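Notes follow once the structure below has been shown.
None of the figures in this text is laboratory data; all of them are computed from the coordinates on show. Treat the numbers as computed from the prediction; the structure is a model and nothing was measured. Cβ atoms come from the backbone with ideal geometry, glycine included; neighbour counts cover every protein chain shown.
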Amino acid sequence: GGWGAITEVDSTLVERLGQRLLPWMDRLSPEQLNPSIYVGLRLSSLQAEAKEAHYLHSLKLSYQQSLLRPASSKDGSDSEAKPSMGQLALYLLALRANCEFVGGRKGDRLVSQLKRFLEDEKGAIGHNHQGHPRTSYYQYGLGILALCVHQKRVHDSVVGKLLYAVEHERHLLQDRVSVDTMAMAGMAFSCLELSNLNPNQRNRINLALRRVQEKILKAQTPEGYFGNVYSTPLALQLLMGSLRPTVELGTACLKAKAALQASLQHKTFQNPLMISQLLPVLNQKSYVDLISPDCQAPRALLEPATEILPQTQVPEFIDVTLKVSGISPSYRHSVSVPAGSSLEDVLKNAQEHGRFRYRTQASLSGPFLTSVLGKKAGEREFWQVLQAPDTPLQQERRDHRKPGFGQSGPSPSLEWDGWTAAYQLPLGL
């Protein structure tokens, strides 16, 4: 980064964070492989030696086989879901984290797939910018960033759609500031600025970066987070490497870093995707550093945690009310769950003991809520989860672990609503 606002972090805290990733590196099934884990570890101050190399090998095998196999329409046996283009972008970041450039016939085909995805999304946004990406501007920015760190140029018109979205905020953010989307767009712009891959857009990129930085700083909460705790690591990745350091920026980042350290003490970060975005920050690195990664930097060996099992305690049960509105008939039901249960524990309990029904879909962030009582989320619609009376849960959009329901626990309210955010709500495992 261009300044030293993120100072030394307690190495024990960093080690504990890394140790939470180790079990995930043993999960090598295609649906559980997560390139972000590898990227986060390589940009951190930690290393997992042979396990790390084996994980990258597994990623290469899985991604090349699934993304490059011909589409089969014979039967459903070969219908395992291919990685999304967002996952492909993360895979390309993983290759750069190992100081590799994507290349060869297979590599060129993967690059072509990602470029085609961006062209398709550009088409969905439309000439007049009245449309939306089929996925999200977050994935759009991530795709541009991944190609940029491999020195692969995308057309000015592709970059132009992201620039326009930042310049005309309502297209990017709908009705609320999405810090993680802004941060990802900013890192894409930072890479383009440093690489000078789109010189005709240089002035617009420069101005957009200033705008992104201002918007993220304005989104800082009184506690110090940018947006919320889970969007703060990506925001810090962008701000840390800013070529426009100011006193205000340095102060804001120190405040955010202090808030993150406090959250680490409380074991807030359990989700592997979130941990992998935080570890680079704690090593003063960002995805933009993948333009020229330092693969020889010394990293401390990560040993598995030796945790002392807590004494068995009789769990305390609490009552939680689950309410669904916006559909007919409406639903209201109370369930009894152990204190500290995740949101998905509550939903599972309601499904097992009543007429409540829900479905989820796997993602790198954990399961996402796609259907409640038969009502499915659509391309421009999603299920919003509110804490009574009408407060969106803080972990919406980013993390899959909900805070436990305490003594006077909140009553989650599932409300069917129109499309206002780029992501659906991830639930507890």
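Residues with beta-carbon under 12 Å from that of Val39, excluding Val39: net charge, scoring Lys, Arg +1 and Asp, Glu -1? Charge balance in the 12 Å sphere: +1. Between His168 and Gln261, the FRET efficiency estimated from the beta carbon spacing at R0 = 56 angstrom works out to 0.95. Backbone phi angles across segment 217-225, fed through the Karplus curve with coefficients 6.51, -1.76 and 1.60 (θ = phi - 60°), yield HN-Hα couplings of 4, 5, 7, 5, 7, x, 6, x, 6 Hz in residue order; Gly and Pro are listed as x. Taking a straight Cα-Cα cut-off under 26 Å and skipping sequence neighbours fewer than 8 places away in the same chain, the lysines within cross-link reach of Lys267 are Lys51, Lys255, Lys257, Lys285, Lys348, Lys402. For segment 114-131, putting each phi into the Karplus relation 6.51 cos²θ - 1.76 cosθ + 1.60 with θ = phi - 60° gives couplings of 5, 5, 5, 4, 5, 5, 5, 5, 4, x, 5, 5, x, 4, 9, 6, 8, x Hz, in residue order, rounded to whole numbers and with x for Gly and Pro. Using the Cβ-Cβ distance between Arg244 and His57 with R0 = 45 Å, the FRET efficiency computed as 1/(1 + (r/R0)^6) comes to roughly 0.70. Remark: segment 168-258 carries a charge dipole of roughly 180 debye about the Cα centre, counting +1 on each Lys and Arg Cβ and -1 on each Asp and Glu Cβ.
Placing dummy labels 7 Å off each Cα toward the beta-carbon, the span from Arg109 to Arg20 is 3.8 nm.
Taking every pair of alpha-carbon atoms in segment 136-229, give the share separated by more than 15 Å as a whole percent. Here the long-distance tail beyond 15 Å is 56 percent of all Cα pairs in segment 136-229. Computed from backbone phi with θ = phi - 60° and the Karplus coefficients 6.51, -1.76 and 1.60, the 3J(HN,Hα) list for segment 368-376 is 10, 6, 10, 8, 9, 6, x, 8, 8 Hz; x is used for glycine and proline. Do you know the relative contact order of segment 88-222, to the nearest whole percent, from alpha carbon pairs under 8 angstrom that are 6+ apart? It comes to 23 percent, rounded to a whole number. Spin-label model, His127 to Leu254: label points 7 Å out along the Cα-to-beta-carbon direction sit 5.3 nm apart. Measuring against 20 Å, Cα to Cα, the residue pairs Lys82/Lys161; Lys323/Lys375; Lys115/Lys152; Lys122/Lys152 contain Lys82/Lys161 as the ones spanning a longer distance. Calculate the length of the line joining the C-alpha centroid of segment 194-218 to that of segment 230-288, in whole Å. Cα centres, segment 194-218 to segment 230-288: 20 Å.
Electrostatic tally near Ala185: other residues with Cβ closer than 14 Å to its Cβ, Lys and Arg +1, Asp and Glu -1, net -1. Maximal additional length on extending the Leu301-Lys323 stretch stands at 3.2 nm, based on 0.36 nm per residue less the C-alpha distance.
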